[in-house]
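The values are calculated or read from the model by the stated rules, or taken from the named source; none is laboratory data. Note that this is a predicted model, so its numbers are computed, not measured. Note that each Cβ is placed from the backbone with ideal geometry, even for glycine, and that neighbours are counted across all protein chains shown. Just so you know, the surface numbers come from the protein's heavy atoms only, side chains and all, with ligands and any DNA or RNA stripped out. Shrake-Rupley method; radii C 1.70, N 1.55, O 1.52, S 1.80 Å.
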Amino acid sequence: MTYASTNPYTNEVVKTFPEATDQEVQVALKEGAAAYEKWRETSFEERAKVINNAASILRRDIDKYARTATLEMGKTLAEAKAEVILSAEILEYYGKHAAALLREQPLKVANPSDGKPVVVHEPQGIVFAIEPWNFPFYQVVRIAAPQISAGNVVLLKHASNLPQCAALMDELFHEAGAPKGVFRNLYLARHHTEVVLNHPAVCGVALTGSEGAGSIVAATAGKALKKATMELGGSDAFVVLDDADLEKSVKWAVIGRHWNAGQVCVSAKRLIVADALYDRFVELYKKGVAALKAGDPLDPATTLAPLSSQGAADTLRAQVKDAQAHGAKVEVIGAPVPEKGAFFQPLLLTNLENTEARHWEFFGPVTQLYRAKDEDDAVRIANDSPYGLGGSVFTKDEERGKRVAARIRTGMVFINHPLIPKADQPFGGVKRSGFGRELVGLGIKEFVNHKVINVVDIDAPL
């Protein structure tokens, strides 16, 4: 595996980095294990200082972090800055709430003579974080913030096209005051995954990535009897009911499908529109996409970035061609995009109902569009997917929106807004979108032991 920083706007290889040696991996694991033994005994207050320092550094150096993300994976500078701020907010959340989230919990017992049991939450060791390229900082922080706050330590294997962003994450926690080994980035080779997961100090793995990678890593973790959380992408439904505000729905559909060039696990990938609004919705949606401006992601005027790499663009192009061969109708929408760089022309896919392509995830500015007969049909289409990460429902009736959201088999649903990760809300999915919940109270408890301690009266009967 080659770790190389390549600018997607120019396809220029900026810098390459060597893979970690086997010896470097063993040293990192040894240092991480030693750091954990001390970090787990460190007070929440001291851990919070490190976490809050990291947040302050992100806010202070937002331009440095954002520019690096833009140059390395292509997202617009505005989107990169928003990601840095979200990362800071996540750190601040745990700096403030980690102690309360892990406070011991008394348990009620049927008979007082059974004792006074409490559940205490204890860190477990090194958390192995395998993270993707689409959000260079957020994906790392959403694991590191809760786990470091809880008393675990983190070993990062970032995407191979983000070596400079990965290095910045290492520098961030070092500057924030984290002791040596509490957070460590390594440019790991593929065979190192098994090495890491078999180390006794490693308590589990958190992976965000492809289904293929998730399947391999989950199997390796299972063989090593280590816990795993997986977020493996999705094909989120964006449901527009017949009483929705049409203009607002269209606005959010354009944004929800095309932010980060459509390379978001929770993008609005499948637009499911009620028959009564369908024709007008499509007309306005095409106009909205046509208003997007592809260009230099460092230019504030750019609203449609290139994909993360030329390889990603080529793969998506081949996938669309395959969908067309299966019977999908492909329509070019939007203004032409630059020929140079990893740009991808926005496309609209219809006639998908009876094709296998309806079950695919298109990671880029490719929109799947469905006409729903009524509410029940919209729910049926939304659930006709192997994925279950997120989704959206648009309606003027909030209670109706909640009822429809409850029927969609997915991990998260927003009403009247595209699903965008928040610092104070859990994140995770069902079906092929993975397992485990990250962020907030649920996430901080993923890699801690929920130990029951019970004080029983010495004179209590057996």
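When you look at LEU156, is it of a type in the set (A, V, I, L, M) and touching a residue at least 40 places away in the same chain (Cβ under 8 Å), yes or no? In short, no.
For residues in the range 23-82 being among the β-branched types (Val, Ile, Thr) and more than 25 Å from VAL13 (Cβ to Cβ), which is most open to solvent (accessible area, probe 1.4 Å)? In this case the residue turns out to be VAL27. Per the listing ASP384, ASP459, ASP397, the residue uniquely more than 20 Å from ILE143 (Cα to Cα) and open to solvent by 70 Å² or more (accessible area, probe 1.4 Å) is ASP459. Among the residues of the range 328-370, those identified as of a type in the set (A, V, I, L, M, F, W, C), touching a helix residue (DSSP H, G or I) at 6+ places or on another chain (Cβ under 8 Å) and free of Cβ contacts under 8 Å to residues at least 40 places away in the same chain are ALA328, VAL330, LEU347, LEU349, LEU352, ALA357.
Here VAL119 meets the list (1) more than 24 Å from GLU72 (Cα to Cα); (2) buried (at least 23 other Cβ atoms within 10 Å of the Cβ) almost entirely, failing just condition (2). Contact annotation: residue pairs with Cβ atoms under 8 Å, 6 or more positions apart or on different chains, pairing a residue in the range 177-188 that is closer than 25 Å to GLU45 by Cα and part of a loop (DSSP other than H, G, I, E, B) with a partner that is open to solvent by 40 Å² or more (accessible area, probe 1.4 Å) and among the charged types (D, E, K, R), are GLY177/LYS49; PRO179/LYS38; LYS180/GLU31; GLY181/GLU31.
If you check PRO346, PRO421, PRO386 for being out of contact with any Pro (no Cβ under 7 Å at 6 or more places or on another chain) and within 25 Å of LYS75 (Cα to Cα), only one passes: PRO421. Scanning the range 341-364 for residues that are more than 30 Å from ASP296 (Cα to Cα) and touching a His at 6+ places or on another chain (Cβ under 8 Å), we see that the one that is most open to solvent (accessible area, probe 1.4 Å) is GLU356. Test VAL264 against the stated conditions and say whether it is more than 29 Å from MET73 (Cα to Cα) and buried (at least 19 other Cβ atoms within 10 Å of the Cβ). The answer is no for VAL264.
Those strands (runs of 3 or more DSSP E) of the range 222-327 in which 3 or more residues are of a type outside the set (Gly, Ala, Ser) and in contact with a helix residue (DSSP H, G or I) (Cβ under 7 Å, 6 or more places away or on another chain) occupy 237-240, 270-274.
For the range 7-31, which residues satisfy the criterion of being of a type in the set (Gly, Ala, Ser) and assigned to a loop (DSSP other than H, G, I, E, B)? Matches in the range 7-31: ALA20 only. Farther than 18 Å from PHE17 by Cβ and basic (Lys, Arg) - does that describe any residue in the range 157-169? No, the range 157-169 has no match at all. Residues in the range 83-95 that are open to solvent by less than 20 Å² (accessible area, probe 1.4 Å) and β-branched (Val, Ile, Thr): VAL84, ILE90. Just one residue in the set ALA274, ALA206, ALA253 is over 27 Å from VAL141 (Cβ atoms), open to solvent by less than 20 Å² (accessible area, probe 1.4 Å) and in contact with an Asp or Glu (Cβ under 9 Å, 6 or more places away or on another chain); that residue is ALA274.
Just so you know, in the range 162-200 the residues that are small (Gly, Ala, Ser) and touching a helix residue (DSSP H, G or I) at 6+ places or on another chain (Cβ under 6 Å) include one that is most open to solvent (accessible area, probe 1.4 Å), and it is GLY177. Using the structure shown, decide if LYS269 is surrounded by fewer than 24 Cβ atoms within 10 Å (Cβ to Cβ) and touching a residue at least 24 places away in the same chain (Cβ under 8 Å). Spelling it out, it is not the case that LYS269 is surrounded by fewer than 24 Cβ atoms within 10 Å (Cβ to Cβ) and touching a residue at least 24 places away in the same chain (Cβ under 8 Å).
Here the range 100-114 is the region considered, the condition is being charged (D, E, K, R) and surrounded by fewer than 13 Cβ atoms within 10 Å (Cβ to Cβ), and the residue that is farthest from GLU45 (Cα to Cα) is LYS108.
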